[in-house]
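The values are calculated or read from the model by the stated rules, or taken from the named source; none is laboratory data. Nothing here was measured: the structure is a model prediction, and the numbers come from that model. A quick note on method: Cβ atoms are made from the backbone with ideal geometry, for glycine too, and the neighbour counts reach across all protein chains shown.
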Amino acid sequence: MQKRNPLFDSRRVSMALDFNLDERHHTEEAVRAMQFISVSGVQEKFPAVVEKGKIRIARDGERGLYILKPAPWNAGFSDNRYIPVNEHLTMQIASHVYGIQTAANGLCTTPSGYPVYITRRFDVAPDGLKYPMEDMATLIGRSEADGGTVFKYQGSYMEIAKAIRRYIEAWMVDMERFFELVVFNYIYANGDAHLKNFSIIRYDDDYRLAPAYDLINTALHVHDADFALSDGLSPLLPKSDAYSRTGHPCRQDFELFGKEIGLVDVRVCRILDKYSTVPDMIVNMVEESQLTEKLQRTYLRIVKERVSRFLRNEGE
């Protein structure tokens, strides 16, 4: 099937792959291909190009404008086959419901019927040149050499906010974008919003916060904490009574965090108000997704539970 998609600059491109990625797991071709991927993450990723209306894996020396992400081969994930569907759904909700700037993305299918997530690299120009980009782990100074394999989960979102102020001249605009991402990741249970999943990128002469990527409801597959980072919003911020009592933050905690990172009250409230309900549009998107009916119900239950926590009053 071919359709016009902004992911491909309105070119007609088939979303039906003519190869199975599971056959390439741990093959020499797969290992070699994945070495050329620079965007962070834990899933197996393959650089891809579009040629004559079809998607194929990039060859040696060929810079792919796209990334293919099949379901992880790690059997430790629950319902791992649906992880690409989950990521595509969550990214679409972020973009189309909340207006969050995201990496362009779509959903492909292998000949065996398995879904594969595809995203366009925002760090590569159409002519193949690469835009300068750094993730927050690098900017903050965290590395595997110092922190071990979990280094990207060490720290707080306050540290990211400080890096945004340090490296982005027009920081106020991007600070709002960052703040909304933190709220979105909490409500949509993204327990993988670690340091390497936030980046700054230079277009022309200015650094900006990069489009959002790797947004996924991880609680659908694993038991996750509220925040990916070990110190949460900030170890220095006082917690609300509700947070101290239940171990889960509420709106008051995000209000305080927003003020601490330099946002004005009215802008903080405007962003938080967007996450005080679960719009019908989201319910429709989940129910129209390729998740199983059981996973659809679980996805919506998780989000509604997070909204309920978010709206707790101090006396509850």
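Annotations
- Enumeration of residues in the stretch 252-288 that are closer than 26 Å to Leu300 by Cβ and in a loop (DSSP other than H, G, I, E, B): Lys274, Tyr275, Ser276, Thr277, Val278, Pro279, Glu288
- Verdict on Gln296 being touching a strand residue (DSSP E or B) at 6+ places or on another chain (Cβ under 7 Å), more than 25 Å from Met172 (Cα to Cα) and either not aliphatic (A, V, I, L, M) or not assigned by TED's automatic domain parsing to the domain that holds Glu176 (or both): no
- Every pair of residues 6+ apart whose Cβ atoms lie under 8 Å, when the first sits in the stretch 160-179 and is free of Cβ contacts under 8 Å to residues at least 12 places away in the same chain and under 15 Å from Leu233 (Cα atoms) while the second is aliphatic (A, V, I, L, M) and in a helix (DSSP H, G or I): none
- In the stretch 95-121, residue surrounded by the fewest Cβ atoms within 10 Å (Cβ to Cβ) [restricted to those that are among the hydroxyl-bearing types (Ser, Thr, Tyr) and either in contact with a Phe, Trp or Tyr (Cβ under 9 Å, 6 or more places away or on another chain) or farther than 16 Å from Ile216 by Cβ (or both)]: Ser112
- Arg251 being among the basic types (Lys, Arg), in contact with an Asp or Glu (Cβ under 8 Å, 6 or more places away or on another chain) and closer than 22 Å to Ala94 by Cα: no
- With respect to being surrounded by 20 or more Cβ atoms within 10 Å (Cβ to Cβ), closer than 22 Å to Phe178 by Cα, of a type in the set (Val, Ile, Thr) and within 21 Å of the chain's Cα centre (by Cα), Val286 falls outside the description.
- When Ile216 is tested against (1) surrounded by 22 or more Cβ atoms within 10 Å (Cβ to Cβ); (2) in contact with a Lys or Arg (Cβ under 9 Å, 6 or more places away or on another chain); (3) among the aliphatic types (A, V, I, L, M); (4) farther than 26 Å from Leu129 by Cα, exactly one condition is not met: (2).
- Restricted to the stretch 38-77, and to residues there that are assigned to a loop (DSSP other than H, G, I, E, B) and within 20 Å of Asn185 (Cβ to Cβ), the residue that is modelled with the highest pLDDT is Pro72.
- Inclusion of Pro249 among residues that are surrounded by 21 or more Cβ atoms within 10 Å (Cβ to Cβ), part of a loop (DSSP other than H, G, I, E, B) and in contact (Cβ under 8 Å) with a residue 12 or more places away in the chain is warranted.
- Selection of the stretch 132-151 for residues being within 26 Å of Thr90 (Cα to Cα) and at pLDDT below 95 yields Val150, Phe151.
- Meets criteria (outside any loop (DSSP other than H, G, I, E, B) and farther than 28 Å from Glu255 by Cα) for Val173: no
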